[in-house]
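The values are calculated or read from the model by the stated rules, or taken from the named source; none is laboratory data. Every value quoted in this text rests on a predicted model; they were computed, and no experiment measured them. Reconstructed Cβ throughout: ideal geometry from the backbone, glycine too, with neighbour counts over all protein chains shown. SASA here: full protein model, heavy atoms, side chains in, ligands and nucleic acids out. Shrake-Rupley method; radii C 1.70, N 1.55, O 1.52, S 1.80 Å.
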Amino acid sequence: MIDQFGRNVTYLRISVTELCNLRCRYCMPEEGVCKKNHADMLTEDEMILAVEAAAALGITKLRVTGGEPLVKKNILSICRRAAAVPGIREVCLTTNGILLPQLAKPLKEAGVRRLNLSIDTLNPEKYAYITRCGSLDDFWKGFHAALDAGFEKIKLNAVLIGGFNDDEIVPLAELTRQYPVDMRFIEMMPMCDSAEFGADTYIPYTRVLDVLPDARPAPKDGGVAKLYRLPGAKGNIGLISPVSAHFCGECNRIRLTADGRVKPCLHSSAEYPLKGLDFEGMKAQLERAIGGKPQWHGSLDAAHHSGAGRNMNQIGG
Ligand code: SAM
Ligand code: SF4
């Protein structure tokens, strides 16, 4: 469906849970989330009905996310059923990778074609610090399981955090020479918990290019990342700049939260509930949400925080 600003909305990100087995400092509070009443969350059947309604409006691509989607018990069934919805051409998933040793192959068999894995640092102590409880060793086991499973594409995501990982841009980028993966650097967005980080922690994507003088522009792949490539690399460097150079004009996505709210813009508090609706009701709400998609998200920086009103784990990154 085309929105009022001429953008063809074809991409739905669906958060299957707010829960997570890590506690990244910029994403969620140390104590985790207050577990919501089970009855307020979308059931698996409702998620699939929402995907069917979205597909009827022209959604062709799904990204399954969270929270951590792999802690959801029925994740394989959700992926399998979503991938089978007529009109859905591609199901991708974003994960911290920790549970991939047991789930990579079953996810591939369930119809997930592409994976994004989050990795902000290559230093085990810093990984334990930023995730508050994670082991870098577990990440690498998950990463290798993903490579072995044969997904069409694997992308690694690092959130750029000044004073934390800006000294690791080169070694993170070098992973694209070692492995057939893209390495993407994402500007940190001032959401609820990350909004408390100091102004110096918000560093622009241009910092990546400053330290990678050999990187050359690469053709776009239909996403919002600016793409570059190092000589001899097997994958691209992607730069995602929601803060310093927003890409709202090419935004083709909407989001569905685990508690059943459609968010037409990540940084707007506007939400359209789907919980309890039938196919036609969901389709009508999705239509309203796409129709109400704002032109852009407004200024975002240390002084202008996101209007989302939720942490990333409660929206779906
Ligand atoms: N748990 C999964 C993971 O970590 O990949 C999926 C959900 S997580 C919310 C999705 C992505 O959002 C991660 O790559 C994470 O680094 C990113 N993210 C979380 N909070 C962010 C923020 N404030 N600014 C930019 N990216 C953020
Ligand atoms: Fe969990 Fe992903 Fe958020 Fe980290 S970024 S706390 S892994 S949801």
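Summary of values
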read-out: Electrostatic dipole magnitude of the chain [Cβ: Lys, Arg +1; Asp, Glu -1; Cα centre; debye, to 20]; value: 840 debye
read-out: Per residue accessible area in Å² of the stretch 5-111, where ligands, DNA and RNA are left out and the probe is 1.4 Å; value: 41 Å²
read-out: Cα convex hull of the stretch 123-235, projected area averaged across orientations, nm²; value: 7.9 nm²
read-out: Rounded to whole Å, sorted largest first: equivalent-ellipsoid semi-axes of the stretch 209-317, Cα gyration tensor; value: 33, 17, 12
read-out: Sites matching trypsin sites (Lys or Arg not before Pro) across the stretch 136-226 that sit in DSSP coil, with at most 13 neighbouring C-beta atoms within 10 Å; value: Lys220
read-out: For a label point 7 Å along the Cα-to-beta-carbon line of Glu90, residues of the stretch 228-268 with backbone N under 14 Å; value: 252-253
read-out: Within the chain, longest stretch free of exposed chymotrypsin sites (Phe, Trp or Tyr not before Pro) [DSSP loop, at most 16 other beta carbons within 10 Å]; value: 6-246
read-out: Kirkwood-based Rg to Rh ratio, the stretch 19-83, C-alpha trace; value: 1.02
read-out: Global geometry of the chain, whether rounded, prolate or oblate, following the gyration tensor of its Cα atoms and the 1.5 cut on a/c; value: rounded
read-out: Candidates per trypsin sites (Lys or Arg not before Pro) in the stretch 227-300, loop by DSSP, up to 14 other Cβ within 10 Å; value: Lys234
read-out: Cut-off of 10 Å, at most 16 other beta carbons, DSSP loop: longest stretch of the chain lacking such GluC sites (Glu not before Pro); value: 153-317
read-out: Unpartnered cysteines - no second Cys beta carbon under 4.7 Å - across the chain; value: Cys20, Cys34, Cys79, Cys92, Cys133, Cys192, Cys248, Cys251, Cys265
read-out: Förster radius 45 Å - calculated FRET efficiency between Ala199 and Thr60 (Cβ-Cβ, nearest 0.05); value: 0.70
read-out: Volume in Å³ per residue [convex hull over Cα atoms, computed for the stretch 90-130]; value: 68 Å³
read-out: Trypsin sites (Lys or Arg not before Pro) within the stretch 1-57: DSSP coil, no more than 11 neighbouring Cβ in 10 Å; value: Lys35
read-out: Alpha-carbon radius of gyration plus Dmax, which is the widest Cα pair, for the stretch 1-140 in Å; value: 16.2, 47
read-out: Solvent accessible area, Å² - His144, 1.4 Å probe, full protein context; value: 70 Å²
read-out: Accessible-area ranking of Asp148, Asp182, largest first, probe 1.4 Å; value: Asp148, Asp182
read-out: The stretch 84-184, Rg to Rh (Cα coordinates; Rh as Kirkwood inverse mean 1/r); value: 1.00
read-out: Cα-centre dipole for the stretch 204-271 with unit charges at Cβ (Lys and Arg positive, Asp and Glu negative), debye to 20; value: 120 debye
read-out: Nitroxide proxy distance, nm - points 7 Å out along Cα→Cβ at Ala245 and Trp296; value: 1.4 nm
read-out: Chain lengthening between Glu109 and Ile2 when straightened (0.36 nm per residue, less Cα-Cα); value: 35.3 nm
